[in-house]
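K.L.:
Got a structure for you, questions after.
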Amino acid sequence: MRRFSITTTQREEFADITAQVAQALAASGLCEGCVLVYSPHTTAGVTINEGADPDVKRDMLAHLAELAPRAGGRAGFRHAEGNSDAHIKTSLMGPSQLVPVSGGRLVLGTWQRIYLCEFDGPRQRTVLVQPLAAGEGV
Ligand code: ZN
């Protein structure tokens, strides 16, 4: 298991962690298999999406805010910490992504980047990277 820290700068942001994941992969020496990229947080998830046009991140955050408004919307919130929207958005994104590895490199599409999805920042976050070796005949 490898890990790295990232300091986010906004309450909500998609922080590109592709380079840090690639660095952790390189340090692991894994050649064929996949890496699990995991956020051990309840208000920050992990997703893979476009990295070329920053408007994609903006649009995703804007629409997540409509799905889970900070003020609670009609359903309201009971969670006293005041960050229920962040918990909901984190579950929508999920806590992890499994990324294929071939030839010691992340197998990502041309436009794909790996993001830590911050929903209750800014704060320091930890990302875990677990290399998983391919089995026999794979
Ligand atoms: Zn909370």
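The values are calculated or read from the model by the stated rules, or taken from the named source; none is laboratory data. Note that the coordinates shown come from a computational prediction; the quantities given were computed from them, not determined experimentally. Positions of Cβ are backbone-derived with ideal geometry, glycine not excepted, and every protein chain shown enters the neighbour counts.
K.L.:
Is one or more of the residues making up segment 91-105 over 24 Å from residue 22 (Cα atoms), within 14 Å of the ligand (Cβ to nearest atom) and touching a helix residue (DSSP H, G or I) at 6+ places or on another chain (Cβ under 7 Å)? Quick ask: steps written out before the conclusion?
P.N.:
In the first step, residues of segment 91-105 are kept if they are over 24 Å from residue 22 (Cα atoms); the result is 91-92.
Narrowing further to those that are within 14 Å of the ligand (Cβ to nearest atom): 91.
In the following step, the residues that additionally are touching a helix residue (DSSP H, G or I) at 6+ places or on another chain (Cβ under 7 Å) were identified as none.
No, segment 91-105 contains no residue that is over 24 Å from residue 22 (Cα atoms), within 14 Å of the ligand (Cβ to nearest atom) and touching a helix residue (DSSP H, G or I) at 6+ places or on another chain (Cβ under 7 Å).
K.L.:
Restrict the check to segment 24-37 and report whether at least one residue is farther than 17 Å from residue 126 by Cβ, at pLDDT 95 or above and in a strand (DSSP E or B).
P.N.:
yes
K.L.:
Still on this structure, I have one more. Filter segment 39-60 down to residues that are within 16 Å of the ligand (Cβ to nearest atom) and either assigned to a loop (DSSP other than H, G, I, E, B) or without any contact (Cβ under 8 Å) to a residue 40 or more places away in the chain (or both), then give me how many there are.
P.N.:
So the first thing to find is which residues in segment 39-60 are within 16 Å of the ligand (Cβ to nearest atom), and the list is 39-45.
With either assigned to a loop (DSSP other than H, G, I, E, B) or without any contact (Cβ under 8 Å) to a residue 40 or more places away in the chain (or both) added as a condition, the list becomes 39-43.
Total satisfying the criteria: 5.
K.L.:
Can you name every residue in segment 91-119 that is among the polar types (S, T, N, Q), touching a residue at least 40 places away in the same chain (Cβ under 8 Å) and more than 15 Å from residue 35 (Cβ to Cβ)?
P.N.:
91
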